[in-house]
Amino acid sequence: MPSIAQHYKYLVIGGGSGGVASARRAAKHGAKTLLIEGKALGGTCVNVGCVPKKVMWYASDLAGKLSIAKDYGFNVAGDFSFNWTTLKEKRDAYVKRLNGIYERNLEKEGVDYVYGWAKFNPDGKVEVTLHDGKKAVYSADHILIATGGQTALPSEEQITGVKLGIDSDGFFKLEKQPKRVAIVGAGYIGIEFAGVFNGLGSETHLIIRGDTVLRKFDDIIQETVTSYYEKSGINVHKQSQVTKVTKNEDGSLDLLLTTGKTVQVDELIWTIGRKSFLGLGLDNIGVKLNDKNQIIVDEYQRTNVPNVYSLGDVVGNVELTPVAIAAGRKLSNRLFGGDQFKDQKMDYNNVPSVVFSHPESGSIGLTEKQAIERFGKNQIKVYQSKFVSMFYAMSEHKSPIAYKLIVQGDNEKVVGLHIVGDSSAEILQGFGVAIKMGATKADFDNCVAIHPTSAEELVTMV
């Protein structure tokens, strides 16, 4: 029998970055708050996403720098072999520490939290199956659904043997580094994984349906990253899809492609997309979904059901951790922070994002195609530059840099910035502030360049 309901001012379903941020902010405003999490605090980002992925990216990036250390006069004749198991143990310990930090931060703010799987019951209350098998029922004045997303996989009907591969969550469970690996998908997850494996010495195959990777990004990013991945030794199988996966006696996998080619690898990773994490009994309260099974919300994160809200990957839109955090805090400010926050909402325009490819790539604003479609070709001017960083001047190895600035109108307002090259993530954060403030090309030009840097090119383009 479910226990007697406990009532809260604010109840948050989902302990990812957005849910935790919203819960903490609500409690800071004095609202009695409960957070429910099914797995581990921090959600995808902390446990099987951006945080452990960045650790792996650092390792691969370091391997690349070690490979050219001799060009700077260092004697690197010793053993610089890489131990996957050692890094995994240290990485997992780091993630566990972060889980603990999340718990302590909730406690510090006075947020109650329970571990279990939540769903709405026919009475409209939230029923939680706790990890010990017991059930608890809660109600609240305001309820936030921030359950995030989960990996999407093809079905067995679509691809025979699909379950012989793993998803992006499975990447972080790998106990040893595969000698040969195939990654299916041209999105940011697949591109980041391919760069990591290639940098650490695995024979890497990237299987994509089109001719370029990162197809949602500007052409300069698509073309630069695709070309460099091929030059750096990644086997990019274009215009290809997997039709069948077969396991051999030695444990290796044979992948049959639509081109008729067979690729043999030790590990197969599907990175074909993500979908909303639901199964919450939403039909019991009548929450509406769109045709992608994402929760429909308005500009204030409100669903069609009064006092039920949603944000983050479960609603789609801009699926980035900092976006969910900002949206969660603004929602709690509006609900519990008083009149000064009564109209506060998340602005989803000009959100900077990066891909931790090798080299990094980043984007804010409109692509060139989007800008032309919105404003017309005559209203758009494009500045771009391609070069090699001074860092590689001592080496035969060359990693590309490509920058594109898209401006609109007579005053040349910057409506898009797209960059590829080392340190792009760090560079974009600062320029993102300027673009968010409405900077023009003249504003960029009026900033004195910092020399010698790669970023100086962004304020000297003609």
* Positions within the range 74-101 being open to solvent by 50 Å² or more (accessible area, probe 1.4 Å) and within 27 Å of ALA23 (Cα to Cα), in sequence order -> ASP92, TYR94, LYS96, ARG97, ILE101
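Being in contact with a Gly (Cβ under 6 Å, 6 or more places away or on another chain) and either outside the structural domain of ALA63 (by the TED database) or open to solvent by 10 Å² or more (accessible area, probe 1.4 Å) (or both) narrows it down to one residue among ILE221, ILE183; which is it?
Working: ILE221 fails: in contact with a Gly (Cβ under 6 Å, 6 or more places away or on another chain).
Among ILE221, ILE183, only ILE183 is in contact with a Gly (Cβ under 6 Å, 6 or more places away or on another chain) and either outside the structural domain of ALA63 (by the TED database) or open to solvent by 10 Å² or more (accessible area, probe 1.4 Å) (or both).
Quick check: anything in the range 80-94 more than 30 Å from TYR229 (Cα to Cα), modelled with pLDDT of 95 or more and either of a type in the set (Asp, Glu) or out of contact with any Ser or Thr (no Cβ under 6 Å at 6 or more places or on another chain) (or both)?
Step one: of the range 80-94, the residues more than 30 Å from TYR229 (Cα to Cα) are 93.
Checking which are modelled with pLDDT of 95 or more leaves us with 93.
Keeping just the survivors that are either of a type in the set (Asp, Glu) or out of contact with any Ser or Thr (no Cβ under 6 Å at 6 or more places or on another chain) (or both) gives 93.
The answer is yes, given that some residue of the range 80-94 is more than 30 Å from TYR229 (Cα to Cα), modelled with pLDDT of 95 or more and either of a type in the set (Asp, Glu) or out of contact with any Ser or Thr (no Cβ under 6 Å at 6 or more places or on another chain) (or both).
When you check ASP71 against the structure, is it in contact with a Ser or Thr (Cβ under 6 Å, 6 or more places away or on another chain) and open to solvent by 30 Å² or more (accessible area, probe 1.4 Å), yes or no?
yes
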* Asked: So which of THR303, THR321 is among the β-branched types (Val, Ile, Thr), at pLDDT 95 or above, farther than 30 Å from LYS404 by Cα and in the same structural domain as LYS32 (by the TED database)?
  -> THR303
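If you take the residues of the range 189-202 that are farther than 26 Å from GLN150 by Cα and touching a residue at least 60 places away in the same chain (Cβ under 8 Å), which of them is surrounded by the most Cβ atoms within 10 Å (Cβ to Cβ)?
GLY199
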* Asked: Any residue at all in the range 384-396 that is surrounded by 14 or more Cβ atoms within 10 Å (Cβ to Cβ), free of Cβ contacts under 8 Å to residues at least 24 places away in the same chain and farther than 30 Å from GLY233 by Cα?
  -> no
* To do: State all residues of the range 277-301 that are under 18 Å from VAL126 (Cβ atoms) and either among the acidic types (Asp, Glu) or more than 22 Å from the chain's Cα centre (by Cα) (or both); if no residue qualifies, say none.
  => GLY279, LEU280, GLY281, LEU282, ASP283, ASN284, ILE285, GLY286, VAL287
* Asked: VAL76 fails exactly one of the following numbered conditions: (1) free of Cβ contacts under 8 Å to residues at least 40 places away in the same chain; (2) closer than 30 Å to GLY338 by Cα. What is the number of that condition?
  -> (2)
* **Matching residues in the range 123-165 - criterion: being under 23 Å from ASP313 (Cβ atoms), touching a residue at least 24 places away in the same chain (Cβ under 8 Å) and open to solvent by 40 Å² or more (accessible area, probe 1.4 Å)** => GLN150, LEU153
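The values are calculated or read from the model by the stated rules, or taken from the named source; none is laboratory data. Keep in mind that this is a model prediction, so the values were computed, not measured. So basically every Cβ, Gly included, is an ideal-geometry build from the backbone, and we count neighbours across all protein chains shown. Ligands, DNA and RNA are excluded from the accessible area calculation, which covers all protein heavy atoms including side chains. Shrake-Rupley method; radii C 1.70, N 1.55, O 1.52, S 1.80 Å.
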